[in-house]
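The values are calculated or read from the model by the stated rules, or taken from the named source; none is laboratory data. All figures in this text were calculated on a predicted structure; none of them were measured in a lab. Note: ideal-geometry Cβ built from the backbone for every residue, glycine included; neighbour counts use all protein chains shown.
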Amino acid sequence: MKNLVIRYKAELIGVALGAIGGWNYWYFVGCASGSCAMASSPVNSTLYGAFVGGVLVSMFKKTNKDESKKSV
């Protein structure tokens, strides 16, 4: 488990920051009418933000060619 956290440290930080950003979006911007799928619920916006944060960080992470061959 410890190796997993160390290996994906950048992605986990991105997920955490994205979740914080998603919750802040719901709190400060939000959707008063409730018709917005993402901003009407704090859970939806937090999960969406966490997903986007993880994907953004993983897009810029360099992978070692030897590592990618081992995972197959």
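So that you can scan it fast, the table gives a plain yes or no per residue for (1) modelled with pLDDT under 80; (2) charged (D, E, K, R); (3) buried (at least 16 other Cβ atoms within 10 Å of the Cβ):
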{"site": "Asn3", "(1), (2), (3)": "no, no, no"}
{"site": "Ile6", "(1), (2), (3)": "no, no, no"}
{"site": "Glu11", "(1), (2), (3)": "no, yes, yes"}
{"site": "Gly14", "(1), (2), (3)": "no, no, yes"}
{"site": "Ala19", "(1), (2), (3)": "no, no, yes"}
{"site": "Lys62", "(1), (2), (3)": "yes, yes, no"}
{"site": "Val72", "(1), (2), (3)": "yes, no, no"}
If we keep only residues of segment 28-42 that are modelled with pLDDT of 85 or more and under 18 Å from the mean Cα position of the chain (by Cα), then the residue farthest from Lys61 (Cα to Cα) is Ser41
